[in-house]
1. Which of the peptides 303-311, 139-147, 103-111, 202-210 is most tightly packed, and how do the rest follow, judged by the mean count of other Cβ atoms within 10 Å per residue?
2. May I ask for the angle, rounded to the nearest 10°, between helix 278-288 and the longest principal axis of the chain, with both axes built from Cα atoms and the value confined to 0 to 90°?
3. Please sort by residue number the chymotrypsin sites (Phe, Trp or Tyr not before Pro) in segment 278-332 whose DSSP state is loop and whose Cβ has at most 14 other Cβ atoms within 10 Å.
4. Taking K and R as +1 and D and E as -1, what net charge do the other residues with C-beta under 13 Å from the C-beta of residue 34 add up to?
5. Pop out the ³J(HN,Hα) list for segment 3-18 in order, Karplus 6.51 cos²θ - 1.76 cosθ + 1.60 with θ = phi - 60°, rounded to Hz; leave Gly and Pro as x.
6. Which of 252, 18, 235 moves the most in a Gaussian network model of the chain with Cα springs under 10 Å?
7. Just to check, using Stokes-Einstein with a Kirkwood Rh over alpha carbon pairs, what's the diffusion coefficient of the chain at 4 °C and 1.567 mPa s in µm²/s?
8. So what's the net charge close to residue 264: Lys and Arg +1, Asp and Glu -1, counting the other residues with Cβ under 14 Å from its Cβ?
Amino acid sequence: MKLVSYKTEDREHLGVYINGHIYNLNSCDKLLPDNMNEFLQGGDVLMERAKKVDAQIKNGSFEAKEEIFYEILAPVPHPTSCRDGYAFRQHVAAARRNRKVEMIPQFDEYPIFYFTNHNAIQGTGDIECMPDHFEKLDFELELAIVIGKKGRNVTAAEADEYIAGYMVMNDMSARTLQMEEMLLNLGPAKGKDFSTVIGPWLVTPDEIEQYKVAPKDGHTGNAYNLKMTCRVNGIEVSKGNAADMDWTFAEIIERCAYGVDILPGDVIGSGTVGTGCFLELNGTGLLNDPNYNSQWLQPGDVVEMEITGLGALTNTIIKANTDFSILGLKKK
């Protein structure tokens, strides 16, 4: 099942996406809420009711009215929190190699994550960026999950049961802001807090069951053979696979839930896939060729991310109509 949040006029709604069409769930079953947050609060009970409606529409036994005029939103427009992990060893190793530092051994000891701005979640559409964001503006190709039920001290062995679904994720990054603030051993904050993109819909785990593979040796949890690609202005710049995650989402959830509640509506990203951002690609290019022409996102660029089974997420980069700069406020 593909769950989608959308807006008609000034109201947000919850629907299912079937063969290019959106059907409102509440109009099909009045016991189903008309927004994603309330739906996720209902846990497995509401999820099963929605799957029943989805199946009835697909097999033609239920005649549902298609939505015509709408604006697609992020599948989870108002997450209770947003964390981002660091699951792909290839990306971490390449980024450190490009900075001419050794691979950090702690990566293989435990999964880590950071909190980002859950109020800056976006879906398909324009991403408005400030002037300082364009100082090395970057994408990050990731996949993400959303938590579907409350838990605490969840073990990796049971953690996959807490996943309501999967999405494509673009962890937008302003690298100059990010690198400056992290010199003080805090962050990322301003380098990340302006936009995190998820979508185009929330795909329930049963839909990607066919792609399941074994996790890396010594790890616990579900892994999936899902091709990941990113195109900028129609040109492929990045590709990878979700099966290359060294730390599984189950293991990341285990760490997230240690001594604290995870809640329905929590979004958790995988971290960047290998080759999944310009920072890594530029670093590798310059390491191999000092004359390499580095690339960063520019106003008007169209970023398309696609993951097998999860759909394609498309955004256009636009520049805010202002010259206000916090980089210009630095004390000399």
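The values are calculated or read from the model by the stated rules, or taken from the named source; none is laboratory data. Because the structure is predicted, anything quoted here is derived from the model rather than measured. Virtual Cβ from ideal backbone geometry, glycine too; neighbours counted across all protein chains shown. Keep in mind that these areas ignore ligands, DNA and RNA; they rest on the heavy atoms of the full protein, side chains included. Shrake-Rupley method; radii C 1.70, N 1.55, O 1.52, S 1.80 Å.
1. Values: 303-311: 21.2, 139-147: 27.3, 103-111: 12.3, 202-210: 17.1.
Sorting 303-311, 139-147, 103-111, 202-210 by mean packing, highest first, produces 139-147, 303-311, 202-210, 103-111.
2. On a 0 to 90 degree scale, this one is about 40.
3. Values: sites: 278, 292, 296, 324; in loops: 292, 296, 324.
Counting only loop positions with at most 14 other Cβ atoms within 10 Å, the chymotrypsin sites (Phe, Trp or Tyr not before Pro) in segment 278-332 are 292, 324.
4. Numbers: positive: 7, 11, 30; negative: 12, 29, 38, 67.
So the surrounding residues net to -1.
5. With the stated coefficients, segment 3-18 comes to 9, 9, 9, 8, 10, 10, 6, 10, 10, 8, 9, 10, x, 10, 9, 9 Hz.
6. Of 252, 18, 235, the Gaussian network model singles out 235 as fluctuating most.
7. Numbers: Rh = 20.5 Å.
D = 63 µm²/s.
8. Details: positive: 149, 150, 152; negative: 38, 44, 161, 261, 266.
The answer is -2.
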